[in-house]
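Every read-out reported here was derived from the displayed coordinates using simple, explicitly stated rules and does not represent laboratory data. Keep in mind the model is a prediction, meaning the values are calculated, not measured. Backbone-built Cβ (ideal geometry, glycine too); neighbour counts: all protein chains shown.
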Amino acid sequence: MNQTYLEARYLARRTKGFTKFERWMVALMLLFILCNILHFFVEPNIAVAKQEVIRDNAYYCNLIQEHGLEVRGATEEQVSELCGL
């Protein structure tokens, strides 16, 4: 066979591109990597938000217990649940 013909066939096969399966697999891998990166940044923020809520609850419970403040719109059960009474 002619050498240039074989080279042309080889190059045509090489430049054909990826199959649909390969494209989907690459897309899924990139999505997985993106989710892990986002999780790395979001997870600490959730922990900080939980700590802030706990600190706010403690602050309000302190106000309620020390100064006898009433919480408008809250039942006794909700206040005792908030303060852990």
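Return the unpartnered cysteines for the chain, using a Cβ-Cβ cut-off of under 4.7 Å.
C35
Report, largest value first, the span of the C-alpha coordinates of the chain along each principal axis, in whole Å.
98, 20, 17
Pull out the extension gain between Q65 and E77, defined as 0.36 nm times the separation in residues minus the alpha carbon to alpha carbon distance; nm, one decimal.
Values: separation 12, 0.36 × 12 = 4.32 nm, distance 1.46 nm.
Roughly 2.9 nm would be gained on extension.
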